[in-house]
Every structure is written in C-alpha cells, then in structure tokens.
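One structure below.
The values are calculated or read from the model by the stated rules, or taken from the named source; none is laboratory data. Here the structure is a predicted model, which means the values were calculated and not measured. For neighbour counting, all protein chains shown are included, and Cβ atoms are generated from backbone atoms with ideal geometry for every residue, glycine included. Calculation scope for accessible area: heavy atoms of the full protein, side chains included, ligands and nucleic acids excluded. Shrake-Rupley method; radii C 1.70, N 1.55, O 1.52, S 1.80 Å.
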Amino acid sequence: MTPASTPAAATGRPPARDALGYFSSRGGELAKPDIVAPGIAFSTVPRWDTGSEVKVGTSMATPYAAGLAGCLASALVQEGRRATAAEVVQALRVSARPFNGARMIDEGAGMPVLEAAYQWLEGGHQGSSYEVRAATGVSAAFRRNGFTSGQDSVETFTVRHRAGLRAAQFALHADVPWLSVDDTVDAAPRATQIPVTYHRGTLTTPGVYIGTVTALNPRDTIAGPLFTLVNTVIIPTDLTAKVLFDERRFIAPPGCNAISWRAAAGRHLAGDVMLPDSQGQQATVRLYEPDGEPARSAPQDVDIGKESAGSASITVRAEDMVAGVYELDVVAPPLSGATVTVRADLGPVALAPAQTGGLEASSVVSGQATVTGELLFRLVGAERSYAIAGRGQPAESLQVRAPRWRGAWKWISSFPRSVGRADDLSVTVYDSSGQQLRGGNQPVNYAFGRMSITLSDSVIGIPLTVELYPAFARLPATRGRARSASGSWGPTSPLVRAAPYPSSPAGAAWCGCPTRHHSTCRRVSVR
C-alpha cells in the first residue's frame with residue numbers, strides 16, 4: 001500500500017479529481033502496491049521545523065487504510081459476524097477505484113471505496129490469499145536489460161495458497177497481446193506452476209512494457225482476482241551505439257515517462273530534458289542507476305518549467321558511472337500534462353584507473369577516428385572515511401568536525417544491502433549543544449546516501465555529532481559493517497590543467513590525475 005495524493009479541496013483549492021502523487025512508490029521489481037490511499041496530511045512539528053507541517057508519504061496513507069479495515073471489521077461485529085483478514089483485504093482490493101491513466105505497478109487495484117467494500121462483504125463472497133513468486137524468487141517478473149538469451153521467453157510463476165478460500169482451478173487472462181498463458185490451470189495441492197510466454201518479436205522498440213495476468217475463481221468470478229502475475233520488460237536504448245533522442249513526447253497527468261538506456265562504466269554521461277512550452281508547462285526529472293538507486297552525482301529531483309528553468313542538464317561523471325541500464329523519469333504534474341524532449345549520450349573518452357597511478361583515457365569512437373582532448377581537474381576538498389559497525393537496533397553515533405575554511409559540508413554513506421537487513425536509515429546531525437542542525441536530517445532509503453548542509457558561522461570548526469538510526473521491518477536485526485565519509489568541498493576554480501593529449505582506438509593516453517580522495521576529475525573537454 002502506497003500513498004496517493006489528497007483531494008485538491010483539502011488544500012483550499014477548488015475541488016478537483018484525485019491524482020496519483022508523484023512521490024508515491026511504484027512497483028516493477030515487485031508486484032506492488034496492492035492499493036493506494038491519500039498520502040498528504042497535516043502534522044505537528046517541533047519549533048525548529050516550523051513551516052513543514054504538511055507531510056507526505058506512506059506514514060500518511062497507512063493509517064487511512066488501517067481505518068478502512070477497522071470500519072469494515074467494526075460493522076461486521078455489530079451484525080454478529082467476523083471477517084477474516086483475507087476477506088477484508090479482498091474487499092478493499094475489489095472495491096478499489098483505479099486512477100485515470102495509472103498502471104498496475106503504479107496503483108495496484110487503486111483507491112478503496114468503503115461502501116463498495118462493505119457491500120462486497122455483505123454479498124457473502126470469500127476472500128483468498130496467495131503467495132506469488134517469479135523465477136527470481138520475488139513477487140514480479142522484471143527484466144531491466146531486455147532479453148538476455150534466445151531461451152529467455154518464458155517466465156514460470158509459482159503460486160501457493162496461504163489463507164482463505166482455496167480455489168480448485170484458476171481462470172487466467174492476460175491484459176496485453178505480447179503475453180500468452182493457458183486459459184485455465186488446475187491448482188496443485190501445494191505449489192502451482194504457471195508458465196507465461198513473452199512474444200519477443202513485438203518488443204523491439206525501446207520502452208517499458210508492462211503486462212499482467214489475472215487469476216479468477218471460475219466458481220465466483222465477481223469475487224475479484226485471486227492473484228496477479230505482473231511482468232515488466234524494459235528494452236533500453238544502447239548509448240554505446242547511438243545517441244538517444246526522444247522528441248516532443250506528451251506525458252498525460254499525472255504520468256511518468258520512463259526512458260531507459262544502457263551505459264558503459266568510465267564514460268561521461270550527459271542528458272538534457274527540455275520543455276518546448278516552458279512557460280505553460282512544468283515537469284520533474286530524476287535519474288536512477290542500474291540498481292534502482294538515485295544517480296549519486298546527479299540531483300535527485302529537478303523541476304523544470306514555469307517559475308523554474310525550461311530545461312535541465314543532468315550529468316554523471318565518468319568516475320561515478322555504473323555499467324548497466326539507467327532510468328530517467330520525467331513526471332508530469334497531477335492536473336496537467338507536459339510535452340518533453342529528451343537527449344542523452346556518452347562521452348567519446350573512457351577513463352579508468354591506471355596501474356601506475358592516475359587515470360588512463362581511451363578513445364571509444366568507432367572506426368579509426370582519433371580524439372584530441374584536454375583534462376581539467378578541480379580541487380574539491382577533503383574527505384575522511386569512517387567505518388561503521390552495525391550493532392543491530394542501536395543507533396551509530398560519530399563525532400566529526402567541519403573545517404573553518406568552508407561553510408558547506410557533505411556526508412556520504414555507503415551501505416551493503418545486507419547490513420542489518422535494514423530497510424532504511426535516518427542520518428541526523430547535531431551541534432555541540434545537542435540541537436539538530438537545520439537541514440541536518442535525511443532518510444537513506446538506498447544503499448547510497450548523500451546529504452549537504454550549509455553551516456552557519458556558529459558551528460564551523462566545532463565538533464558535530466552524526467547519528468545513523470536504522471529502521472527495520474522485521475526483527476531481530478542482524479549485525480553488519482558499512483562505511484561513511486565526511487567531506488568539505490573547497491575552491492572550484494581550476495587548479496591543475498593537463499596538456500592536450502591524443503587518444504586513438506589503438507591506444508590510450510595516461511594522465512596523472514590527483515587521487516580521488518583529494519580531488520576529482522570533473523570534466524573532459526574534447527576538441
């Protein structure tokens with residue numbers, strides 16, 4: 001269950017239709033969400049956080065859904081009946097109202113309607129609960145990198161009954177033509193195997209393809225789906241072979257246009273997103289790495305249009321590039337669409353660590369062309385690395401000190417996904433009196449996090465306390481190790497300039513870049 005938006009009337013604006021929030025979690029890798037609920041609410045806040053009373057997220061949507069379930073259970077108790085958890089869940093799903101233009105991985109069944117859910121229970125239907133696992137062991141089939149082999153055309157799902165009514169047979173239906181499945185499958189005593197076939201010949205154009213197989217009980221088809229088999233196939237544009245140019249694509253409100261491309265490690269990535277009608281339209285842009293985390297050297301959210309600039313340039317430095325499929329999301333506002341043009345390409349030079357130290361620059365231009373360029377280095381300051389021994393539930397507390405010569409301070413955290421089985425972390429920074437610094441609190445929802453604070457004169461040069469609070473969905477928590485770094489970024493004017501170098505497909509040019517911990521190779525300008 002993830003947050004949808006709230007009705008516009010709750011914000012003091014004229015009444016308007018509900019819309020799925022841009023911040024609402026989407027599925028793909030998993031067959032989630034199940035349903036969505038209003039995800040904006042007013043909250044009390046400490047005095048130092050005045051102005052942030054409007055909160056968004058699952059913390060707002062969860063009590064709404066819990067309240068719906070409580071109303072249904074209470075109504076049945078007053079009638080002398082008891083509903084099982086499977087029946088309440090099924091009633092909420094069957095009654096859900098889908099959002100216009102949203103997909104299964106965006107909204108699940110949609111937003112529940114209490115009266116319709118109660119009528120479903122009154123109708124005497126029985127709920128069912130099934131566990132679905134794809135071949136990878138998770139709840140959905142997800143192919144981020146397209147098809148990897150000639151035999152990669154069949155996904156076999158395993159379905160197990162968990163609670164409620166057990167169906168003897170499943171009636172199956174696919175909602176897209178590129179999926180095919182048997183019309184009916186007999187339920188096995190323990191685990192039922194259901195093969196789903198992909199028609200690869202229809203999935204050649206780059207894009208995101210989503211298809212769902214729905215299973216019904218043939219004896220009570222109006223009781224709603226028993227389970228769904230969610231399939232996502234991404235056909236990326238290969239930037240190593242050609243430039244991506246997606247011109248004037250319309251995104252309906254509140255849609256998200258996901259553009260994927262395959263990139264190579266060690267090459268500079270440049271992406272441009274433009275709104276032709278920047279005065280009348282707006283959009284939000286974000287870039288994700290191949291493992292699903294926000295790109296570490298690119299801003300997480302960039303607003304374009306209207307009061308903001310009409311275009312955004314997103315770059316990933318060669319040293320931060322991860323080989324694999326990146327995803328660029330362009331999100332339209334809830335109540336109006338946007339027409340967007342996107343262009344992305346990779347630099348003609350690849351950087352890699354040299355055995356003798358420094359960096360090795362190699363041309364990746366096809367054919368026998370020679371690239372001539374100049375490397376420009378900019379000193380960015382200093383870093384100190386901290387080892388973190390995750391002890392399970394207790395918070396980890398570290399003492400750091402920001403230097404006097406800089407008022408901007410950054411904290412970078414990198415955690416293996418297996419550390420403590422933590423679902424996320426909260427990083428909070430306190431001054432010497434124990435007061436939280438303004439802007440010094442940020443959730444780390446991924447294995448990599450970055451936080452930047454502009455320090456006031458009163459705290460520059462004094463000890464700061466950084467506390468990392470783990471959050472777990474399941475206990476007991478296990479132990480683990482991770483690393484974090486505290487850094488202060490200094491002058492950005494060019495300090496070291498390398499002489500022009502030639503680089504050809506047959507060879508590589510070496511250049512003595514300073515070490516990564518003291519400076520960063522910021523730009524390769526090719527002439």
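The table that follows gives values for the structure above.
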{"read-out": "Qualifying residue in the stretch 275-289 (condition: at pLDDT below 95, open to solvent by 30 Å² or more (accessible area, probe 1.4 Å) and within 16 Å of Leu328 (Cβ to Cβ))", "value": "yes"}
{"read-out": "Scope the stretch 314-358; condition surrounded by fewer than 20 Cβ atoms within 10 Å (Cβ to Cβ) and of a type in the set (Asp, Glu); matching residues", "value": "Glu319, Asp320, Asp329, Asp345"}
{"read-out": "Residue match in the stretch 113-122 (condition: open to solvent by less than 10 Å² (accessible area, probe 1.4 Å) and at negative phi)", "value": "yes"}
{"read-out": "Positions within the stretch 319-364 being more than 26 Å from Met274 (Cα to Cα) and part of a loop (DSSP other than H, G, I, E, B), in sequence order", "value": "Ala354, Gln355, Thr356, Gly357, Gly358, Val364"}
{"read-out": "Close pairs (6 angstrom Cβ cut-off, 6 or more residues apart or separate chains): part of a strand (DSSP E or B) in the stretch 291-306, surrounded by fewer than 19 Cβ atoms within 10 Å (Cβ to Cβ) anywhere", "value": "Pro294/Gln300; Gly305/Ser278"}
{"read-out": "Residue identified as modelled with pLDDT of 95 or more and in contact with a helix residue (DSSP H, G or I) (Cβ under 9 Å, 6 or more places away or on another chain) among Ala109, Ala134, Ala140", "value": "Ala140"}
{"read-out": "The listed residue being among the hydrophobic types (A, V, I, L, M, F, W, C), open to solvent by 30 Å² or more (accessible area, probe 1.4 Å), touching a residue at least 12 places away in the same chain (Cβ under 8 Å) and part of a helix (DSSP H, G or I), out of Val138, Val88, Val94", "value": "Val94"}
{"read-out": "Qualifying positions in the stretch 110-168 - aliphatic (A, V, I, L, M) and over 22 Å from Ile194 (Cβ atoms)", "value": "Met111, Val113, Leu114, Ala116, Ala117, Leu121"}
